[in-house]
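Working notes, structure below.
The values are calculated or read from the model by the stated rules, or taken from the named source; none is laboratory data. In this text the structure is predicted, and so the values were computed from the model without any measurement. Here Cβ is always computed from backbone atoms with ideal geometry, including for glycine, and neighbour counts include all displayed protein chains.
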Amino acid sequence: MALIESTSISCPISAERVNENVIRVIASIVIIISIITILNEWFWLAYILSIDFLLRAIGYKKYSLLALIANQIVSIAKLKEIKTDAAPKKFAAGVGFIFTSLIGSLLLFELSVGAIILTGILLFCAILESAFNYCMGCYVYSLIQKIKKTT
C-alpha cells in the first residue's frame with residue numbers, strides 16, 4: 001500500500017495533441033458498449049471494442065469507428081476543441097485493449113464473473129474520463145514507472 005500512497009502522478013508525454021472533448025465522448029460510447037456487452041454476454045462485441053482500442057493505441061485513430069462517431073458528435077454539438085497530450089490517451093487505449101480482450105475471452109469461455117469484474121473496472125475508468133476528465137491511465141503509468149525504478 002505504501003507504493004500507491006507515495007506515488008506521484010506522471011503521464012507519458014508526446015508532441016501529438018488530441019481533442020479532449022472527443023476523448024470524453026469516446027469514453028461515453030465505451031460505457032454504453034461495455035454495458036450492452038456484459039448484459040448480453042456478447043464476447044464478439046468485446047472483441048470489436050478491443051480492436052477499436054488497439055487502433056487508437058497504436059496511432060491509427062483515423063480507422064477507429066468510435067473516434068469517427070465521437071468526432072461527428074463533437075462537431076454536431078459544436079463543442080469547443082480542447083487540445084491535450086495524446087500519449088496518456090494512447091496508453092489508456094492500450095490498457096483498454098487488454099481489458100476488452102480479456103473480457104471477450106472470459107465471455108467466450110463462459111467465465112461471466114471474471115468478465116463482470118473486469119467490465120466494472122473498465123466502466124469505472126471510462127466514467128472517470130467521461131464525466132470528470134480524469135485519466136486513470138496516468139495513475140497506472142505512474143505505478144508502472146515506480147515499480148520499474150524499484151526493481
Report task. Can you work out which of the residues in the stretch 41-68 that are touching a residue at least 12 places away in the same chain (Cβ under 8 Å) and over 16 Å from the mean Cα position of the chain (by Cα) is surrounded by the fewest Cβ atoms within 10 Å (Cβ to Cβ)? Result -> Trp44
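Go through Ser28, Ser14, Ser50, Ser34 for me and flag whichever is of a type in the set (Gly, Ala, Ser), modelled with pLDDT under 95 and either part of a helix (DSSP H, G or I) or more than 16 Å from Glu129 (Cβ to Cβ) (or both). Can you show your working first?
Details: Ser28 fails: modelled with pLDDT under 95; Ser50 fails: modelled with pLDDT under 95; Ser34 fails: modelled with pLDDT under 95.
That would be Ser14, the only listed residue that is of a type in the set (Gly, Ala, Ser), modelled with pLDDT under 95 and either part of a helix (DSSP H, G or I) or more than 16 Å from Glu129 (Cβ to Cβ) (or both).
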Query raised in the report: Would you pick out the residues in the stretch 53-95 that are assigned to a loop (DSSP other than H, G, I, E, B) and not polar (S, T, N, Q)?
Result: Ile58, Gly59, Tyr60, Ala77, Lys78, Leu79, Lys80, Glu81, Ile82, Ala86
Report task. State which residue is surrounded by the most Cβ atoms within 10 Å (Cβ to Cβ) when the search covers only the stretch 14-40 and only residues that are closer than 19 Å to Lys83 by Cβ, among the small types (Gly, Ala, Ser) and in contact (Cβ under 8 Å) with a residue 24 or more places away in the chain. Result -> Ala27
Report task. Evaluate the stretch 105-115: report whether one residue or more is hydroxyl-bearing (Ser, Thr, Tyr) and surrounded by 14 or more Cβ atoms within 10 Å (Cβ to Cβ). Result -> yes
Requested in this report: Output yes when any residue across the stretch 77-92 is surrounded by fewer than 17 Cβ atoms within 10 Å (Cβ to Cβ), aliphatic (A, V, I, L, M) and without any contact (Cβ under 8 Å) to a residue 60 or more places away in the chain, and no when none is.
Outcome: yes
Report summary line: Checked pairs for the stretch 133-151, first within 25 Å of Gly120 (Cα to Cα), second part of a helix (DSSP H, G or I) and among the aromatic types (Phe, Trp, Tyr), C-beta under 6 Å and 6 or more apart or across chains, list as Gly137/Phe91; Tyr141/Phe91
Query raised in the report: What tally of residues in the stretch 96-138 results from selecting those that are at pLDDT 95 or above and not in a helix (DSSP H, G or I)?
Result: 3
